Amino acid sequence: MAIQHDYVDDVKAEDIIHGALKGMLAALDPYSQYMDQDMFTELQVETEGEFGGLGIEITLRDDLLTIITPLSGTPAEKAGLQSQDRIVKIDDEITRDMTLLDAVKKMRGKKGTDVKLTIMRESEESLREVTLTRDIIKIKSVRKAEMLSDGIGYIRLADFSEKTHNDLEQALSRLSEQGMEGLVFDLRNNPGGLLLTSVDVAAKFLPAGTLVVYTKGREESQNVEYRAQGKSDYRDIPLIVMVNGGSASASEIVAGAVQDHKRGIIMGTKSFGKGSVQTVIPLRDGSALRLTTAKYYTPSGRTINETGIVPDVPVEQLPPQPETAKKPNGADEIFNSITEEENNSEITVPEDSGVQPEAAPEDNEKETPETNSGEETAEINELLKNDYQLRAAVDLMRGIRIYKGLSQKAPKD
């Protein structure tokens, strides 16, 4: 092998093979990747609901490292990072040509250690530098489960992990005991997770046997239909599902199924647009390949990849973002401008950007109290005061319940 014989330094065959695998997978799409042993172990832990790092889901979009969403209660959210922020540097290293795997490994580390990110935000003319302290990220699938007012329940779901099914069932049961007559189901800034978990979640609200999602790939075995199964007491309750630019993958499966079957109303802003399925293939040395093997489709045959779920009722978050500043045309101009201004204390991004992301709300929320109290009521009022989209959803739900009540009282022929 020419590299082993002629390269200036001695290189292990194992390192060459791993490097080749990384390059091959990275050339396919943003979601396929080679995972070494440590990364594969972290992935397994992550799906169980706990992992180390900053608490952000990332992808590559327009050749730029892009935040899908900061996870609630994590260092990323506390630092003010938002969906659609572009990470242009990690610890002063430009992310151009950096793979997702490499970016994740650079941002993860021991609890208490710091990492510096340089962020480009569409609403700002200059880049910003943010220093975050790594922490152990523990995800509670159900971040909030409360009665808001007038029999309207509210559940905010943070992810789709192995614990989600039971957590959601407990939350629904608790709200039902408190007299829930309508549900606002908040999937904003939910980056997704396990495909089967999304089917279980959708089955809470759809009739048994209803098609939730189907996948199509090159192989016949990858063409699979997933249908709602089991019993549920929540298949007739009035439902509003909230989404935004940070809602991705499994969140879009649930929203798409609800929308296609006209089971509820989708409200908010357009979702992220990740419509592919990754299969993890373990290797003998303890590493693994995460390979895109299929695309998923909503029950009506829509693919949301790169297009997202468009809400039935579009509602922007208020207060509105400042006038969108013009940014560079594509990744090359962005990174060139950063290189040119490397030594400046404030880097001004050049004009003429074509990227227009969705505005994402800031959700700085506390944990859900277990019992009703004056403190909880004050928290709910504060939540509604600061969240225009949620207020709009509550108002719409009130209107739905009023109309439903009037229609039931209407005289019949």
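Computed from the coordinates by the stated procedures, all read-outs in this text should not be read as laboratory data. Keep in mind the model is a prediction, meaning the values are calculated, not measured. Here the Cβ is made from the backbone with ideal geometry for all residues, glycine too, and neighbour counts use every protein chain on show.
So here's what we get for this one:
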quantity	calculated
Two-site label geometry, residue 128 and residue 404: point separation in nm, points 7 Å out along Cα→Cβ	4.0 nm
Neighbour-count order for 403, 34, 388, 154, fewest beta carbons within 10 angstrom listed first	403, 388, 34, 154
Under the Karplus curve 6.51 cos²θ - 1.76 cosθ + 1.60, θ = phi - 60°, whole-Hz ³J(HN,Hα) for the stretch 272-281, x wherever Gly or Pro sits	5, x, 10, x, 10, 10, 9, 10, 8, 10
Protection proxy ranking of 213-221, 134-142 - average other beta-carbon atoms within 10 Å, highest first	134-142, 213-221
Fewest-first ranking of 57, 181, using other Cβ atoms within 10 Å as the exposure measure	181, 57
Rounded to whole Hz, the Karplus (6.51, -1.76, 1.60) HN-Hα couplings of the stretch 168-178, x for glycine and proline	5, 4, 5, 5, 5, 5, 5, 5, 5, 5, 8
Label-point separation in nm, residue 382 to residue 17, each point 7 Å along Cα→Cβ	5.6 nm
Sequence of 163, 106 once ranked by neighbouring C-beta atoms within 10 Å, starting from the fewest	106, 163
